[in-house]
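Working notes, beginning with the structure itself.
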Amino acid sequence: MILPEDDRRARAIALAFLVLAPLAYGALTLSFGMDANWDLRNYHWYNAYAFLNGRIGFDRLVAQMPSFYNPLIDVPFYLAATHLPARAAGFLLGAVQGINVSLAFALALVTLRVPDEGKRVWLAVALAAMAGLGGGTLGLLGTTFYDNVTSLGVLGAALVVLAGLPRLLDGPPAPAFARVAVAGLLAGAAMGLKNTSVMYAVGLCLAFLVLPCGYWRRLWLAFFFGVGVLAGIALFGGYWMAHLWQEYGNPLFPHMNHIFRSPFAAPDDYRNTSFFPEALWERVLFPVLFTFQPLRVGEVPWFDLRVLVLYVLVPVAALARLPAPRGEIFTHAAATRYLLTALAVAYAVWAYMFGIYRYLVPMEMLAPLAIVMAAGLLPAPRAAKALLAGVLLLAVQATVTAADWGRVPWSRQWVEADVPPVERPDETMVLMAGYWAISHVVPLFPPQVPFVRIQSNFLQPDSVGNGYLGVVQKRVREHRGRFLMLSTIPDTPGAAKAAALMGLTLDAGDCRVIPNNLGEPLNLCAVHRERVE
């Protein structure tokens with residue numbers, strides 16, 4: 001049972017917090033301004049539009065490399081933001097993301113060892129509030145990066161496991177294995193929607209191996225959790241993996257193409273390694289470095305000490321407790337062992353595979369509870385450990401600086417642009433060039449106009465070894481009507497060069513500016529076929 005059973009007042013407070021926390025988070029979203037992040041303008045808005053309107057294959061590479069990402073996660077917000085005023089859609093998005101705070105509260109309630117139910121509820125409230133007020137978490141509030149949406153699957157999976165731990169350890173096998181399969185399903189759903197969640201699926205799965213129960217019991221728990229993960233991936237990402245396999249011969253296209261060898265991409269893994277530490281000492285001290293130099297792990301500055309605190313405190317606490325466990329801990333022992341192990345494994349996978357801080361946001365949410373857990377393991381008097389945990393949590397929260405990936409004042413609709421009339425849209429193809437995020441205006445053009453990007457962060461018009469160039473060239477070559485070119489104004493000269501490599505000429509004297517509410521004005525220029533003498 002998650003809620004207090006004996007103290008009615010504590011139970012009422014807990015219920016109120018569970019319900020009101022998401023609503024408060026939605027309201028907080030409105031005070032932050034409207035999301036205009038680069039990824040929203042590049043693919044989160046367009047991918048949902050393309051998926052819902054049958055444009056996959058009709059357009060080509062509009063969202064650059066993310067054109068190949070699973071669009072399902074983008075659909076709910078797109079539907080809300082195209083049918084509701086922007087503020088209403090923003091409130092809904094923030095409220096959904098605020099469910100993380102309720103989950104963090106529930107996790108604290110089921111793991112804290114505080115006999116007084118009233119005190120346990122208020123401690124859980126404090127830890128949950130901190131979970132929603134991290135530097136990365138606040139930065140993602142009301143945005144479409146969705147690391148704080150897939151986190152619902154991560155925190156939900158952890159809650160299903162931790163709330164059932166006594167029965168998982170020594171209860172009847174069938175219900176225990178079914179329960180961890182449900183937890184795996186939640187983690188797998190997060191991974192199916194956004195594959196960077198793999199780090200948490202791996203961490204939560206391997207953490208079963210350290211639970212205080214029999215060897216085979218631990219293995220079976222991990223196995224059935226893994227089965228659930230696979231089911232979640234299949235349900236929420238399987239259709240898209242099948243599409244990529246059918247179209248390109250790689251279910252993760254273009255990622256891991258050094259293994260699948262699809263002819264439509266270079267034989268590369270397509271990992272973003274720009275944030276990886278280079279030297280061994282940098283890897284060892286990575287949390288120290290990125291905490292004080294945040295641009296090492298992201299595009300914008302922020303400040304939050306909690307991952308660094310965990311990186312130091314967890315190993316110290318674990319080593320101190322190894323020789324002879326002693327002293328009262330603040331949280332249930334099995335839950336402590338499970339969650340701290342899961343976070344340690346997830347961090348290791350993150351450091352090896354990604355190095356982008358946004359993906360650590362679910363860990364940032366769990367960190368306040370994890371800090372209490374780790375402090376409780378230290379071989380010291382309870383009062384001293386409580387004082388240390390309190391000081392650390394206060395220091396963490398007092399020094400937070402939220403990230404900002406780009407916001408603008410609220411407008412009536414989320415995406416607004418003054419798209420000029422397109423003459424003969426049935427005969428027109430719009431080409432796209434440059435490397436900036438411009439696809440958010442595509443849904444405002446006549447739907448019969450196809451869009452083909454001839455220059456992007458995935459493909460150049462003179463690429464060698466990337467078979468997708470042939471797909472783009474064929475699409476352009478077979479078009480018999482007129483062309484237009486969409487780019488930013490600074491990218492227009494580069495767009496002209498890209499068009500020339502396609503046998504086309506951009507007419508810089510025949511361009512129209514497209515103002516829009518999310519970013520810099522765009523340029524829509526006439527393009528002509530080069531005459532063959």
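Taking only C-alpha pairs under 8 Å that are 6+ residues apart, what is the relative contact order of the range 105-243 in percent? If you can, show how the numbers build up before the last one.
On the way: 173 pairs, mean separation 32.1, N = 139.
Relative contact order of the range 105-243: 23 percent.
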With unit charges on the beta carbon (Lys/Arg positive, Asp/Glu negative), name the residue among SER274, VAL316, LEU366 whose Cα is farthest towards the positive pole of the charge dipole of the range 246-371.
-> VAL316
Tell me, how many Å apart are the Cα centres for the range 409-437 and for the range 68-124?
-> 33 Å
Efficiency of FRET from Cβ geometry, TYR435 and ALA508, R₀ 25 Å, rounded to 0.05 | 0.85
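Regarding the chain, what's the average projected area of the Cα-atom convex hull, expressed in nm²?
Values: hull surface 106.1 nm².
Over all viewing directions, the chain projects a mean Cα-hull area of 26.5 nm².
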Given a Förster distance of 45 angstrom, what is the FRET efficiency for PHE58 paired with LEU295, based on the Cβ-Cβ distance and rounded to 0.05?
-> 0.75
Rounded to the nearest 10 degrees, the helix 8-32 long axis (Cα) sits at an angle to the longest Cα principal axis of the chain of 30 degrees
Helix-only [θ]222 nm of the chain, DSSP H runs n ≥ 4, -39500 (n - 2.57) each, per residue, nearest 500 = -17000 deg cm²/dmol
Normalized C-alpha radius of gyration of the range 323-458, against 2.2 N^0.38 Å?
-> 1.81
Could you give the spread of the C-alpha atoms of the range 222-273 along their three principal axes, from largest to smallest, in whole angstroms?
-> 36, 26, 15
Could you pull the accessible area for THR273 with a 1.4 Å probe, rounded to 10 Å²?
-> 80 Å²
Around ASP426, what is the net charge, scoring Lys/Arg as +1 and Asp/Glu as -1 over all other residues with Cβ under 13 Å from its Cβ?
-> +1
Under 15 Å from the Cα of LYS385, which aspartates and glutamates turn up, not counting those fewer than eight places away in the same chain?
-> GLU328
Fraction of accessible area attributable to carbon and sulfur, the chain (%, probe 1.4 Å) | 66 percent
Between the Cα axis of helix 382-398 and the main Cα principal axis of the chain, the angle (0 to 90°, nearest 10) is 20 degrees
For the range 439-494 and the range 31-52, distance of Cα centres in Å = 20 Å
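Rg/Rh for the range 1-102 to two decimals, with Rh computed the Kirkwood way over all alpha-carbon pairs. Don't skip to the answer; put the middle values down first.
Details: Rg = 18.3 Å, Rh = 15.8 Å.
That ratio equals 1.16.
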Of all DSSP beta bridges located in the chain, what percent are antiparallel, nearest 5?
-> 65 percent
Pairwise label distance in nanometres, ASN457 with HIS479, each label 7 Å out on the Cα-Cβ vector = 2.3 nm
What figure in square angstrom, to the nearest 10, would you give for the accessible area of GLU416 with a 1.4 Å probe?
-> 60 Å²
Before anything else, pin down the relative contact order of the chain: Cα pairs under 8 Å, at least 6 apart, normalised by residue count, whole percent.
-> 18 percent
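Percentage of Cα-Cα pair distances in the range 428-489 greater than 17 Å, rounded to whole percent?
Numbers: 765 of 1891 pairs.
Within the range 428-489, distances greater than 17 Å cover 40 percent of Cα pairs.
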Between the helical axis of 147-163 and the dominant principal axis of the chain, each derived from Cα atoms, what acute angle in degrees is found, rounded to the nearest 10?
-> 30 degrees
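If you place +1 on the Cβ of every Lys and Arg, -1 on the Cβ of every Asp and Glu, and leave all else neutral, what size is the dipole of the chain about its Cα centre, to the nearest 20 Debye? The partial results should precede the final answer.
Numbers: 39 positive and 34 negative charges, 256 e Å.
Here the chain has a charge dipole of around 1220 debye.
Under the √(5λ) rule applied to the eigenvalues of the Cα gyration tensor, what semi-axes describe the equivalent ellipsoid of the range 128-248? Give them in Å, descending.
Details: eigenvalues 140, 87, 20 Å².
Working through the eigenvalues yields semi-axes of 26, 21, 10 Å.
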If you plug each phi of the range 405-420 into the Karplus form 6.51 cos²θ - 1.76 cosθ + 1.60 with θ = phi - 60°, what whole-Hz ³J(HN,Hα) values come out, in order, with x for Gly and Pro?
-> 8, x, 9, 10, x, 5, 10, 5, 10, 5, 10, 10, 7, 8, 6, x
With DNA, RNA and ligands ignored, accessible area of TRP245 (1.4 Å probe; Å², nearest 10) = 140 Å²
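The values are calculated or read from the model by the stated rules, or taken from the named source; none is laboratory data. Because the structure is a prediction, the values reported are computed rather than measured. Counting neighbours? That spans all protein chains shown, and the Cβs are built from the backbone with ideal geometry, glycine included. In case anyone asks, the SASA skips ligands and DNA or RNA and just uses the protein heavy atoms, side chains included. Shrake-Rupley method; radii C 1.70, N 1.55, O 1.52, S 1.80 Å.
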